[in-house]
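Below is one structure, written out as structure tokens; the observations come after it.
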Amino acid sequence: MTDLSALPPFFPARAMLLLHGAEFLSRERDVRALFRTTAEFATRYLEGRFGLLFSVRFVQAEACCALIGCCVADGTETHWDEVTVPQGLLPMDQLLQDCMRTDQGYTLESLGQEWRLAFAIGEFGAARWVLEIHTTRKPSLRRCQALSLFLRCFENQHRQWEHTNLDTLTRLLNRKTFDDDFDRLILAAEAAEQANREAGDRRDSSHHFPAHPCWLGVVDIDHFKRINDNYGHLFGDEVLLRVADLMRQSFRSQDKLFRFGGEEFVIMLRNVPEDNVCDTFDRFRQAVEHYDFPQVGRVTCSVGYSRIDPQIGPAELLGRADEALYFSKDHGRNQVNGFDDLVMSGLLQLKAPPEVEVNAAEMNQADIDELFG
């Protein structure tokens, strides 16, 4: 939520609003904050009641869209609601399609007492986002042009973010961004545990919706070396691209998807019930199994995952997910396994931290010394 009431008293207020927004964008380093800031300032600038931000995807040369979030104006403030569950791709209506085909990059239509505007963000004919704003006032041509320039600031800032944070081949998050995102995942896990403890302490928690755990998953494409050896690295790269696309389709926009290197991927999930997490990963596994990869045909992947415990370090948590992954690969591949489930069933052994093992060894030696005096 951005408070826009304390703008400087000089310069035209509306123009100052966009300059203020451009300054905010230049400082943002989180991609979700980029989306939120852009939608908030654009909606306020056109005095809109609400704004909808869509990502654009092309399916068989036809443009479709997926809702990223909704911005609602309330007096001097705006409220951003991000989509946190999969919505699927939606067909684009005529107004949204037209804004991508016009040189000026935006279109508008009258809806009785209201105006509906659509702004394409990206290259002509290949926009990557569309911003739709509903307002009770018809904006002037100059104001629409000014907003188009502001949206180019967002596009440039997003391009810089991608250059720093995305894998060049798959366009998933790269490995160097993992540590920062993992710290946020730990904080989210701690917040979920705290919220549930506080709810449990209250006498009446009948209206409390529990905060669910966070999870870390590791994915490995089965027999990927064989794909490269038999079909060449060009088709191997194509498999990586298609697997990355299937990941984006299978998981939520709020989930973090990484290419860790080679054929290994990492997934961070927030707020997923324990009863659903295996099915969540298995849905992706099945999507890979049933996809017809060009030239290669059938490809499968193995998955291992672990629950995020805020008391355990990143290396150990990643190691647990890796152990579950290697169990999947060693027991037939093309399957999903959770570390905790494997431990509970006795198929994996929970290893004590090194310092505990050392302390136990020291205690055993002390007992021996005392016994044999």
Can you tell me which residue in region 91-107 is surrounded by the fewest Cβ atoms within 10 Å (Cβ to Cβ), limited to those that are among the aliphatic types (A, V, I, L, M) and within 19 Å of Cys70 (Cβ to Cβ)? Leu95
For residues in region 1-50 being modelled with pLDDT under 90 and part of a strand (DSSP E or B), which is nearest to the chain's Cα centre (by Cα)? Thr2
Please work out if Val239 is surrounded by 16 or more Cβ atoms within 10 Å (Cβ to Cβ), at pLDDT below 95, β-branched (Val, Ile, Thr) and not in a strand (DSSP E or B). no
Does Val266 count as modelled with pLDDT of 95 or more and either farther than 18 Å from His223 by Cβ or not assigned by TED's automatic domain parsing to the domain that holds Phe182 (or both)? yes
Residues that are in a loop (DSSP other than H, G, I, E, B) and at pLDDT 95 or above: does region 353-363 have at least one? no
Count, please, the residues in region 28-45 that happen to be surrounded by 23 or more Cβ atoms within 10 Å (Cβ to Cβ) and aliphatic (A, V, I, L, M). 2
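The values are calculated or read from the model by the stated rules, or taken from the named source; none is laboratory data. From a predicted model like this one, the values you see are computed outputs, not experimental measurements. Methodologically, a virtual Cβ is constructed for each residue, glycine included, from the backbone with ideal geometry; neighbour enumeration extends over all protein chains shown.
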